[in-house]
1. Putting +1 on Lys and Arg Cβ atoms and -1 on Asp and Glu Cβ atoms, find which of B:177, A:130, A:41 reaches farthest to the positive end of the dipole of the protein assembly as shown.
2. Among A:185, A:93, A:170, whose mean-square fluctuation peaks in a Gaussian network model of chain A (Cα, cutoff 10 Å)?
3. Listed highest first by mean packing, meaning other Cβ atoms within 10 Å per residue, what order do A:140-149, A:157-166 come in?
4. Taking R0 as 51 Å, what FRET efficiency do you get between residue A:126 and residue B:2 from their Cβ-Cβ distance, rounded to the nearest 0.05?
5. Strictly over 25 Å apart at the Cα level, which of A:127/A:171; B:6/B:65; A:127/B:171; A:94/A:201; A:6/A:42 would you flag in this model?
6. Place a +1 charge on the Cβ of each Lys and Arg in the protein assembly as shown and a -1 charge on the Cβ of each Asp and Glu, then give the dipole magnitude about the Cα centre in debye, rounded to the nearest 20.
7. Take every residue in peptide A:141-154, count the Cβ atoms of other chains within 10 Å of its Cβ, and give the average of those counts.
8. Rounding to the nearest 20 debye, state how big the charge dipole of segment A:52-199 is about its Cα centre with +1 on each Lys and Arg Cβ and -1 on each Asp and Glu Cβ.
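What follows is calculated from the coordinates using simple rules that are stated; it is not laboratory data. Just so you know, these numbers come straight off a predicted model, no measurement behind them. With ideal geometry, Cβ positions are generated from the backbone for all residues, glycine too; neighbour counts draw on all protein chains shown.
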Number of protein chains: 2
Amino acid sequence: MVNNEKTEIVESILQAAKARLVAYGLDKTTMNEIADDIGMSKASLYYYFTNKEDLFRAVIQHEHKHFLEEQNTYLNSGLSAYQLLQNYADERLKFFQDLLNINKLNLHLIHKSKPAFAPLFEVFRQKEILLVHQMLEHGIQNKEFHFFDVRQYAELFIDLIQGLRRNFTLKKDFINISQEDYQMLGRQYHLLVQIFCTGIKCPS
Amino acid sequence: MVNNEKTEIVESILQAAKARLVAYGLDKTTMNEIADDIGMSKASLYYYFTNKEDLFRAVIQHEHKHFLEEQNTYLNSGLSAYQLLQNYADERLKFFQDLLNINKLNLHLIHKSKPAFAPLFEVFRQKEILLVHQMLEHGIQNKEFHFFDVRQYAELFIDLIQGLRRNFTLKKDFINISQEDYQMLGRQYHLLVQIFCTGIKCPS
């Protein structure tokens, strides 16, 4: 099989898996159903992914890659660094919301699977620090922001965003997260970006 | 027994319990030892506290009350709001460090006991929001800060501080937290306070 073909097959598996996961959650999705959705034998599906958790991990990775690619296209679109960071915060919230939706039917599984996903989430974190690094650099070149230790500030920004999210998941009962709860977190993100960007802006 | 006397006894129990807990951790401290330390019968100790967890909770509450009282004395000491918030962040880190030290010998217990302590920590959070509320008010009256929705900003500030702490406990292996790790968290606190205060300062 040529590489291109393989990539296409994996892509179609991930798409089908994502659709199922978003609609029914991880717990109520089976490998059989995903194979059926794309007219593939179960054996073939297992050739690509050794189990459901593996496939789930690949779906999240794929979605995160897509999220980063989209964010990267904004970098040279003429937006201000402030707008880039605001947009990052908005889109990151949506990504988080999708992730929780996939898990909505199984609170227990989230807590059980946390250690297994920790290394993956650390990779996401590092990639996002790099992204925010570029946004902050852009702001310095733009003369929106004064000069500072960009790496340290990017890490702090990501950790602040992540910390607010962790407060949210630790405080909330996953089963009952309402649209309003997400909006509240969104308002905190907005206020943080606003204060952060004002706090590092160039003295005019 | 008059109320004063009772308060004094409780105070001496809490002191003895704190000393034991800091030195040996929750797991390796017994009610018997605490009773012995202050020359009290075990039965008398149980009259005041029904079990070790109860006593532990009272110790934390007592320490937090002390922390807040100290912070409150600074409010009218002539410090700037920026200094107050920086000082709050420093002292809150020490309080956090003491709490983790008490639990250092039993990682399992921390995770197991989390739900039981969640309501208590929520009370702490509300009290600290009130404290920071007063600090921000002070900054507005001082003309250090511009006018804003103080309640919302105080809540965000506390949630940011708490979020950084949660990143720390979720990432770290409790057994192996080094002094350097705490220093790194302290640097994040400092940078956050600095950016936050610059971000809300009065336009000069």
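1. Farthest along the dipole direction, towards plus: A:41.
2. In this elastic network of chain A, the residue with the biggest mean-square fluctuation among A:185, A:93, A:170 is A:170.
3. Most protected by this proxy first, the peptides run A:157-166, A:140-149.
4. 0.25
5. With Cα atoms farther than 25 Å apart: A:127/A:171; A:94/A:201.
6. So the dipole magnitude of the protein assembly as shown works out to roughly 260 debye.
7. Per residue, the number of nearby Cβ atoms from other chains is 1 on average.
8. 400 debye
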